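This report concerns only the one structure given below.
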Amino acid sequence: MKLAKRVAALTPSSTLEITAKAQELKAAGHDVIGLGAGEPDFNTPQHIIDAAVKAMTEGHTKYTPTGGLASLKNEIIEKFKNDQEITYQPSEIIVCSGAKHALYTLFQVLLDDEDEVIIPTPYWVSYPEQVKLAGGVPVYVDGLEQNEFKITPEDLEKQITSRTKALILNSPSNPTGMLYTEQELAALGEVCLRHDILIVSDEIYEKLIYGAHQHISIASISSELKEQTIIINGVSKSHSMTGWRIGYAAGNKEIIKAMTNLASHSTSNPTSIAQYATIAAYSGSQATVEEMRQAFEERLNIIFEKLVTIPGVSCIKPQGAFYLFPNVKEAAVKTGFENVDEFAKGLLDEVKVAVIPGSGFGAPDNIRLSYATSLESLEKAIDRINQFVQSKL
Ligand code: PMP
Ligand code: GLU
């Protein structure tokens with residue numbers, strides 16, 4: 001059967017693919033350390049699980065409104081008020097089956113064929129594919145390593161055409177862990193307002209911030225920027241709820257209405273039980289969110305120091321999320337590999353450490369290491385990478 005043109009060029013998610021491969025090898029008895037995982041390694045906090053069990057027992061196992069339960073929307077509105085000081089109405093919120101699905105639905109309602117979406121590199125693997133699936137064209141702006149992988153207003157302005165519809169911002173970033181400051185966001189926002197470009201602000205790693213850094217939502221800077229922005233967020237990373245599939249979008253009510261209409265013909269609604277669990281996640285104690293953040297920060301501080309001592313490896317210290325994104329070009333060249341993709345393959349084949357090559361993120365000189373795994377495994381993995389490089393010098 002000949003498949004549709006729109007999927008012919010679709011590349012599978014490298015993050016999910018490599019994570020699955022590492023798990024498969026592990027299950028087959030290989031001593032693999034997986035640093036591919038894009039999800040917290042903690043179990044979902046117990047009070048959230050209890051709320052889901054209660055919801056099932058009480059019969060909340062039926063369809064819900066497409067855009068999400070009113071009580072959940074209210075919790076999300078409270079969250080925005082408390083954390084970002086932004087006020088939304090229920091008509092400005094849609095709950096989706098994960099943040100990924102919120103983004104997918106957004107691009108489907110936003111883009112006509114050939115509409116352009118500006119994506120800063122390095123980017124999360126799904127952005128370009130989702131834009132293409134909606135008929136749009138990804139236009140890349142390089143976030144240079146010497147500028148902490150962040151784009152400047154001048155770089156952005158150069159890529160704007162009459163077809164530019166949106167800019168994606170992801171702060172903290174997957175894969176780099178970098179955060180935009182309020183001044184940087186305001187300057188990028190000014191360009192978007194002037195050209196009437198929608199800002200898609202993916203804030204899924206908002207709760208995972210380290211050191212003295214601070215997360216700022218671009219929508220919180222001014223009422224104009226709030227109008228110009230769709231925020232994407234969810235509980236996957238903050239509350240270790242990746243499998244529950246709850247994310248949401250907040251912003252312009254016409255866009256949210258169109259997204260809700262589309263979802264009414266695709267998912268009908270996000271899982272009822274997971275919605276009740278999310279109400280508990282937001283209304284209950286946030287202590288576990290902070291405990292997980294502290295655990296990530298402790299791991300980061302320990303392994304970052306070890307990583308940068310490996311010959312040919314350099315890395316900017318991440319400010320958020322749970323990834324390290326070292327440049328390993330020199331290490332790859334010195335150890336005789338043709339490119340970093342091959343180097344990453346060598347790591348898995350020879351020392352059984354699974355990492356994600358940066359090429360999938362538009363940064364072919366880097367690899368992504370997730371530290372969402374135990375400190376013991378992380379230390380072992382960094383030792384193995386070090387030995388791998390040293391043995392080939
Ligand atoms: N945005 C980014 C940057 C991500 O890393 C992820 C991770 N999966 C998502 C969105 C999607 O999150 P979710 O699991 O809620 O779909
Ligand atoms: N976002 C995570 C990652 O980048 C999970 C996998 C995915 O959804 O692509 O690894």
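Applying a 10 Å radius around every beta-carbon, put 155-162, 240-247, 170-177 in order of their mean neighbour count, most first. Intermediate values should be presented prior to the final figure.
On the way: 155-162: 13.9, 240-247: 21.5, 170-177: 27.5.
Packing order, densest peptide first, comes out as 170-177, 240-247, 155-162.
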Treating every alpha carbon of the range 217-373 as one equal point scatterer without solvent, the Debye formula yields log10 I(q)/I(0) values at q = 0.14, 0.17, 0.20 Å⁻¹ of -0.94, -1.09, -1.20
Under 15 Å from a point 7 Å along the Cα-to-Cβ line of His195: which residues of the range 152-174 have their amide N that close?
152-169
For Lys392, which lysines qualify as cross-link partners when the Cα separation must be under 24 Å and same-chain residues fewer than eight apart are set aside?
Lys306, Lys329, Lys334, Lys345, Lys352, Lys380
Report the one residue of Pro318, Pro364, Thr278 whose Cα lies farthest in the direction of the positive end of the charge dipole of the range 278-393 (charges on C-beta: Lys and Arg +1, Asp and Glu -1; origin at the Cα centre).
Pro364
Counting Lys +1, Arg +1, Asp -1, Glu -1, what net charge surrounds Ala250 among other residues with beta carbon under 14 Å of its beta carbon?
-4
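In deg cm²/dmol, rounded to 500, what helix-only [θ] at 222 nm does the chain give when every DSSP H run of at least 4 residues adds -39500 (n - 2.57) and the total is split over its residues? Provide the component values of the computation, followed by the final result.
Values: 15 runs with 172 residues, N = 393.
So the calculated ellipticity at 222 nm is -13500 deg cm²/dmol.
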Between the Cα axis of helix 99-110 and the main Cα principal axis of the chain, the angle (0 to 90°, nearest 10) is 60 degrees
Can you give me the three principal axis dimensions of the range 91-137 from its C-alpha atoms, in Å, biggest first?
28, 24, 16
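So what is the relative contact order for the chain, in percent, with contacts set as C-alpha pairs under 8 Å and at least six apart? Walk me through the numbers before you get to the answer.
Working: 739 pairs, mean separation 89.3, N = 393.
After rounding, I find 23 percent.
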Among the listed pairs Lys73/Lys257; Lys79/Lys207; Lys73/Lys253; Lys158/Lys226, those beyond 19 Å (Cα-Cα):
Lys158/Lys226
Just round it to a whole percent: the fraction of Cα-Cα distances in the range 298-347 exceeding 15 Å.
47 percent
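Taking the radius of gyration and the Kirkwood hydrodynamic radius from Cα positions alone, what is the Rg/Rh ratio for the range 128-274, to two decimal places? Working shown, then result.
Working: Rg = 15.9 Å, Rh = 16.6 Å.
Rounded to two decimals, Rg/Rh equals 0.96.
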Sequence ranges 353-360, 297-304, ranked by mean other-Cβ count within 10 angstrom, highest first:
353-360, 297-304
Would you mind checking which residues have amide H under 5 Å from Cys96's amide H? H placed 1.01 Å from N; only 5 or more apart, or other chain.
Gly247, Tyr248, Ala249
Sort His239, His215, His60, His101 so that the residue with the fewest other Cβ atoms within 10 Å of its own Cβ comes first and the one with the most comes last.
His60, His215, His101, His239
What translational diffusion coefficient, to the nearest whole µm²/s, does the range 1-128 have by Stokes-Einstein, given a Kirkwood radius computed over alpha-carbon pairs, a temperature of 25 °C and 0.890 mPa s viscosity?
129 µm²/s
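With viscosity set to 0.890 mPa s at 25 °C, what whole-number translational diffusion coefficient in µm²/s follows for the range 170-230 from Stokes-Einstein and a Kirkwood radius over Cα pairs? Could the numbers behind the result be given before it?
Working: Rh = 11.8 Å.
Rounded to a whole number, D works out at 207 µm²/s.
Using only C-alpha atoms and all pairs of different ones, pull out the Kirkwood radius for the chain in Å with one decimal. It would help to have the intermediate numbers written out before the result.
Working: mean 1/r = 0.0461 Å⁻¹.
Its Kirkwood hydrodynamic radius stands at 21.7 Å.
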Can you list residues whose amide H is under 5 Å from Leu167's amide H, if they're 5+ apart or on another chain and H is modeled 1.01 Å from N?
Ile118, Leu198, Ile199, Val200
In nanometres, what is the gap between the two model label sites at Lys21 and Arg6, each 7 Å from Cα along Cα-to-Cβ?
2.8 nm
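Every number here is computed from the coordinates shown, using simple stated rules; none is lab data. Fair warning: this is a prediction, and the values are worked out from it, not measured in the lab. Ideal geometry is used to build each Cβ from the backbone, glycine not excepted, and the neighbour counts take in all protein chains shown.
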